[in-house]
Amino acid sequence: MKLFYDLHIHSCLSPCGNEDMTPANIAAMAALKGLDVIALTDHNSCKNCPAAEYFAKEYGILFLPGMEICTLEEVHAVCLFPNLEKAMKFDEYVYGRLIPFPNREEIFGRQQVYNKEDLPCGTVPNLLINSTQISFDNLWELVRSFEGVMFPAHIEKASNSLISNLGFVPPDSQFQTAEVKDTHKLLELKKANPYLESCQIITNSDAHYLQDIQESIFTIEVEEKTVEGVIRALL
Ligand SMILES: [Zn+2]
Ligand SMILES: [Zn+2]
């Protein structure tokens with residue numbers, strides 16, 4: 001079965017996420033765009049996932065709680081979890097390993113947590129776009145220990161990507177899926193990084209604005225339309 005997906009979306013919890021990116025607005029836009037499955041992946045935080053899951057369900061959209069982690073090497077990677085419980089435990093684990101640098105809203109933007117009425121109910125004090133003490137080398141095992149799956153984000157980007165920051169894809173990597181935004185670069189990327197030949201390549205929006213949420217163009221093949229089904233398809 002094929003599902004239209006967007007597995008990398010930021011909400012207004014990410015300081016760089018537009019304030020219109022509330023959980024209810026994201027779910028409504030995903031429904032409008034005809035997506036079957038979405039994931040909310042704010043920088044180093046899952047705290048808007050409970051509200052986003054609630055609204056996605058309202059619109060009949062399959063929802064995966066997630067996070068875009070920034071590793072010690074400043075590599076961005078998307079981590080997705082089978083349920084809110086695992087996601088929130090991972091959130092706690094990561095927040096304790098994030099550089100404790102207070103957010104300055106006037107410079108970086110607000111980091112707003114929303115409730116199931118789509119109203120702001122708090123903010124996160126430390127700046128979420130900093131790196132964590134978690135290294136990319138350990139990330140796969142770590143995320144698997146929370147029953148989730150990880151894929152490196154926007155690997156072709158000139159900053160905050162696996163290839164830009166490490167210089168290459170480590171041949172002993174374990175991830176099975178990689179995110180490429182500009183698929184024109186795929187051949188070149190695979191040539192320079194043979195590891196990618198055996199990977200499933202996916203394209204997500206990395207939306208920070210509502211209009212950028214993915215159109216229903218890319219599909220992912222799953223055995224069943226469940227959260228577990230999507231995680232298995234990425235393993
Ligand atoms: Zn990123
Ligand atoms: Zn992102």
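The values are calculated or read from the model by the stated rules, or taken from the named source; none is laboratory data. Predicted model, so just to flag it, every value in this text is computed and none were measured. Don't worry about glycine lacking a Cβ; one is built from the backbone with ideal geometry, like all the others, and counts go over all protein chains shown. These accessible areas exclude ligands, DNA and RNA; they are computed on the full protein's heavy atoms, side chains included. Shrake-Rupley method; radii C 1.70, N 1.55, O 1.52, S 1.80 Å.
Figures for the structure shown
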item: Sequence-distant residues sharing a close amide H with Q112 (under 5 Å, placed H); result: L13
item: Under 5 Å, built H, 5+ apart or other chain: amide partners of L40; result: L64, G66
item: Residue-by-residue Karplus 3J(HN,Hα) for the range 172-182, coefficients 6.51, -1.76, 1.60, Hz, glycine and proline x; result: 8, 5, 10, 5, 10, 10, 9, 9, 10, 7, 9
item: Charge tally in the Cβ shell below 15 Å around S45, where Lys, Arg are +1 and Asp, Glu are -1, S45 excluded; result: 0
item: Label point at A31 placed 7 Å out along Cα→Cβ; residues across the range 82-119 whose backbone nitrogen lies under 14 Å; result: 118
item: Protection proxy ranking of 151-158, 213-220 - average other beta-carbon atoms within 10 Å, highest first; result: 151-158, 213-220
item: Extension gain (nm, one decimal) between K57 and S159, 0.36 nm per residue minus Cα-Cα; result: 33.3 nm
item: Rg/Rg_globular for the range 76-196, with Rg_globular taken as 2.2 N^0.38 Å and Rg from C-alpha atoms; result: 1.21
item: Percent accessible area from carbon and sulfur atoms, the chain, protein chains only, probe 1.4 Å; result: 51 percent
item: Three-way shape label, the range 58-132, alpha-carbon gyration tensor, a/c 1.5; result: oblate
item: The chain: DSSP helices with Cα axial extent of at least 27 Å and average Kyte-Doolittle hydropathy no lower than -1.0; result: none
item: Listed peptides 42-48, 225-231, 96-102 by packing density, highest first (mean Cβ within 10 Å); result: 42-48, 225-231, 96-102
item: Cut-off 20 Å, label 7 Å out along Cα→Cβ of D172, residues of the range 140-157 by amide N; result: 140-145, 150-152
item: Under-5 Å amide H pairs with C70, H placed in peptide plane, nonlocal only; result: N44, T132
item: Cα gyration tensor shape of the range 1-129, rounded if a/c is under 1.5, else prolate or oblate by comparing a/b with b/c; result: prolate
item: 222 nm mean residue ellipticity, helices alone, for the chain (DSSP H n ≥ 4; -39,500 (n - 2.57); rounded to 500); result: -7500 deg cm²/dmol
item: Hz values of 3J(HN,Hα) by residue in the range 188-202 - Karplus curve (6.51, -1.76, 1.60), Gly and Pro given as x; result: 4, 4, 5, 5, 7, 9, x, 3, 5, 4, 9, 9, 7, 9, 10
item: Distance in nm between pseudo-label sites at E215 and E197 (7 Å out along the Cβ direction from Cα); result: 3.4 nm
item: Cβ-derived FRET efficiency at R0 35 Å, E73 paired with R104, nearest 0.05; result: 0.90
